[in-house]
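Take a look at the structure below.
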Amino acid sequence: MANKTRARTTTIPHGLTRDQLLEMYRLVRLTRSLEERLELLFKQSKVIGGLFRSLGQEGESVASAYALRRRTDGTGDMLSPLIRNLGSMLTIGAKPVEVVKQYMAKGDSLARGKELNIHITDYDRGFVGQISPLGDLIPVMAGVALTFKQRGEDRVAMVYIGDGATSTGAFHEGVNFAAVQKLPLVVIVENNRWAYSTPSKFMTAARSFVDKAPGYGMAGEQVDGNDMLAVYGASKRAVERARSGGGATLIEVMTYRRKGHAQHDAQTYVDPAEIEHWASTNDPIDRYVKALLDNGWATAQELTGIGEQIDRELDEAVAEAEKSPLPPPEEALTDVYADGPVNAPWTRHEPADPTRA
Amino acid sequence: MATVIEKPEHVRLTEQGKPVTLLEAIREGMWEEMERDERVFVMGEDIGAYGGAFKMTDGFLDHFGGMRVIDTPISETGFTGAAAGAAHMGMRPIVEMQFMDFVSTAYDIITNYIATSRYRGSGGVPMVIRGPTGGGVRGGPFHSQNPEMAFFHTPGLKIVYPSTAHDAKGLIKAAIRDDDPVLFFEHKWLYRRPQLREVLPQDDYIVPLGKARTHREGTDLTIVTYAAMVHKSAEAAEILQKEDGLSVEVIDLRTLLPLDEEAIIQSVKKTNRLLIVHEDTRTGGIAGEIAMRVNEKAWEWLDAPVLRVAAADAPVPYSPPLEDYFLPQVEDVVKAARHLAAY
Ligand SMILES: Cc1ncc(C[n+]2csc(CCOP(=O)(O)OP(=O)(O)O)c2C)c(N)n1
């Protein structure tokens, strides 16, 4: 614990600064704490619908998104997450209060109660909401990258996909297009060993997912997904390649899903010892903290302080989200088209008096 | 070879004279068909050891083994197409969509390839594509859809959408035995409703495809509906009986394609008033087709214009007040029926 007395500090890799290391710590800690709050709210029946956790994968989400150029004015890089990329969303600029409101189906959430999960969009801050049909956002983000190229902007698009979802036709078509067009796209394949209940070996007969990259004619790299600095390094290389016209990259992050597919899934198909092994020896936050302290990049007090500040921030976020109202029912009919709401069913607005005849 | 495990308790309910839910009824129907006919097998995501997202095929893998209960990669076009190939070779595949919303991913192979196969001279494609559908569970835009009409317009397909446990079992068995491709929709809001528990006949029965059923007899007004809306319409009919003294007939279509036009026309000739209720969105919904057929065949018997209650023309929203507003409710049916009866 007594890191203050450490005389020597090791050089930080990948050109990162100490402040950036601490910011990454804050983001990964925030991700886990926010998901813990959401789980609590779920148990209190305050979350509407399902809840997905990314326990054990928070590190790769944060570290990959951290390699992007983050802006709030619509000029930065862009990403599209998956169900387990709350960390990426917080890193690119989503706010905890927005996430809580979203899960509570509130009227002033980013999707205004129309859509769930972290399927949220803010083009200015650089995030494109995913949809549930898996793989569909791969071609969409290839299109985002296409426009960066068409306009000569040095911006990069990043898109996440699970090991399971790499089996969809949309994944193949999108990645192939990006490779052919040499688009500034970074595809993060999260190999967390499971797709719902199905192990990766039933998803692909390939030795690894990164082996698919040369098949498409694109760059590929495999990285230890629970080593945040390694993920950052790989992502940074891919982002730089994309930004300098080198085309698309597929990064396979090796990680592990420590919770069930969603809150309802008790994970009976997994050996508990396997989960325990990952929890005790390969937790991304534990490993990151160890690196920070061992190398003298941060002090224990600093990390504690960050944790306390996150707890306060989350208290406020939850309180604010709880106060905000559900949407008015009629909002169900807005935003279908640009030019005004669609018609309400006639039984909802015409008078009950049946004297029309 | 996997050792065959005993038939588990949860597929013996009917055998033991116990009531079953709609979900259990479908499970028993599939199980019995797989026992009866070696050519029947199931494919889909997480249907093996896990037993499916809704536990429909729970216990199947242990009993029938990995060659007949196949966990697939997440590739709807891939395994739906593969099922068609197996069907060409004489098998009878059942494909599970984890949620029917994702069937659109396989739209091309279903509409272009499978539906036209017999017509093109490549032979029939006896297969079933089944999965959970429908709203009311706060599932948002991608876990709540009723995609029946995307396929209704495709000749060569059959579409089944049951509302009771009895029918669900008889219809899934009929669908599996059918020589044509059948889309079998299962409303997830009905899956485990305790009210729908029924003691089913112990013999091997089927419910024929293409035949509607009178859910409730009546003389003043006909409601034609299917799936979850059968129950909302029946509830409305009760209210109308009590509060207005109206005798409402409720027809459950059970099969949408082919449509049992005869049953609709006959009921209209009896009651002279028709209300169509569906959970699918209004524009291009099946109500339009039914109204037109009644127009063609029973115009003279109508005492009032045909009316419909349907979901609004929007994607299925997530937040409870939005979804409730979007979906047809009992009060909508009551209001529409009153309007119609007053003509
Ligand atoms: C096209 C399509 N088919 C099926 C599903 C249902 N589904 C949602 S998540 C999931 C498993 C995803 O596994 P993976 O891609 O490995 O991501 P992970 O959950 O492991 O992060 C499935 C089958 C879906 N959303 N989309």
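The values are calculated or read from the model by the stated rules, or taken from the named source; none is laboratory data. Remember, predicted model here, so these are calculated numbers, not experimental data. With ideal geometry, Cβ positions are generated from the backbone for all residues, glycine too; neighbour counts draw on all protein chains shown.
Determine whether A:E274 is more than 16 Å from the ligand (Cβ to nearest atom) and without any contact (Cβ under 8 Å) to a residue 40 or more places away in the chain.
On the way: more than 16 Å from the ligand (Cβ to nearest atom): no; without any contact (Cβ under 8 Å) to a residue 40 or more places away in the chain: yes.
It is false that A:E274 is more than 16 Å from the ligand (Cβ to nearest atom) and without any contact (Cβ under 8 Å) to a residue 40 or more places away in the chain.
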Inset, instruction - Evaluate the following for A:L68: is it of a type in the set (A, V, I, L, M, F, W, C) and within 16 Å of the ligand (Cβ to nearest atom)? - result: no
Inset, instruction - Could you tell me whether A:R125 is within 16 Å of the ligand (Cβ to nearest atom) and away from chain B (no Cβ under 11 Å)? - result: no
Legend entry - Considering residues of region A:75-122 that are β-branched (V, I, T) and within 16 Å of the ligand (Cβ to nearest atom) only, the residue surrounded by the fewest Cβ atoms within 10 Å (Cβ to Cβ): A:I83
Inset, instruction - Look at B:G123 and say whether it is over 23 Å from B:Y191 (Cα atoms), touching a Ser or Thr at 6+ places or on another chain (Cβ under 9 Å) and more than 14 Å from chain A (Cβ to nearest Cβ). - result: yes
Legend entry - A:A248 touching a Lys or Arg at 6+ places or on another chain (Cβ under 9 Å) and surrounded by fewer than 17 Cβ atoms within 10 Å (Cβ to Cβ): no
Inset, instruction - Among the residues of region B:51-90, count how many are more than 14 Å from the ligand (Cβ to nearest atom), over 23 Å from the mean Cα position of the chain (by Cα), assigned to a loop (DSSP other than H, G, I, E, B) and in contact (Cβ under 8 Å) with a residue 12 or more places away in the chain. - result: 6
Legend entry - Filter result (more than 16 Å from the chain's Cα centre (by Cα), of a type in the set (A, V, I, L, M) and not in a strand (DSSP E or B)) within region B:185-225: B:L200
Legend entry - Selected residue [under 25 Å from the mean Cα position of the chain (by Cα), closer than 30 Å to A:K101 by Cα, surrounded by 21 or more Cβ atoms within 10 Å (Cβ to Cβ) and not hydrophobic (A, V, I, L, M, F, W, C)] from B:P328, B:P315: B:P328
Inset, instruction - For B:E33, indicate whether it is modelled with pLDDT of 95 or more, more than 23 Å from B:T72 (Cβ to Cβ), outside any loop (DSSP other than H, G, I, E, B) and out of contact with any Cys (no Cβ under 8 Å at 6 or more places or on another chain). - result: no
Inset, instruction - Name every residue in region B:1-35 that is among the acidic types (D, E) and out of contact with any Ser or Thr (no Cβ under 8 Å at 6 or more places or on another chain), in order of residue number. - result: B:E6, B:E9, B:E15, B:E24, B:E32, B:E33, B:E35
Inset, instruction - Could you please find all residues in region B:64-82 being more than 8 Å from chain A (Cβ to nearest Cβ) and either out of contact with any Phe, Trp or Tyr (no Cβ under 8 Å at 6 or more places or on another chain) or of a type in the set (D, E) (or both)? - result: B:G65, B:G66, B:F79, B:T80, B:A82
Legend entry - Residue list for region A:179-190, restricted to those being away from the ligand (no atom under 16 Å from the Cβ), under 18 Å from A:F127 (Cβ atoms) and outside any loop (DSSP other than H, G, I, E, B): A:L185, A:V186
Inset, instruction - Filter region A:133-178 down to residues that are within 16 Å of the ligand (Cβ to nearest atom), β-branched (V, I, T) and without any contact (Cβ under 8 Å) to a residue 40 or more places away in the chain, then give me how many there are. - result: 1
Inset, instruction - Tell me, yes or no, whether region A:231-244 has at least one residue that is in a loop (DSSP other than H, G, I, E, B), in contact (Cβ under 8 Å) with a residue 12 or more places away in the chain and in contact with a Ser or Thr (Cβ under 6 Å, 6 or more places away or on another chain). - result: no
Legend entry - Subset of region B:91-108 [surrounded by 21 or more Cβ atoms within 10 Å (Cβ to Cβ), more than 8 Å from every other protein chain (Cβ to nearest Cβ), part of a helix (DSSP H, G or I) and not small (G, A, S)]: B:M100, B:V103
Legend entry - Flag for B:R282 being under 22 Å from the mean Cα position of the chain (by Cα) and crowded, with 19+ Cβ neighbours inside 10 Å: yes
Legend entry - Unmet criterion (only one of (1) of a type in the set (K, R); (2) facing chain B (nearest Cβ under 9 Å); (3) part of a helix (DSSP H, G or I)) for A:K106: (3)
Legend entry - Those residues of region B:290-329 which are in contact (Cβ under 8 Å) with a residue 24 or more places away in the chain, assigned to a helix (DSSP H, G or I) and within 11 Å of chain A (Cβ to nearest Cβ), in sequence order: B:P320, B:E323, B:F326
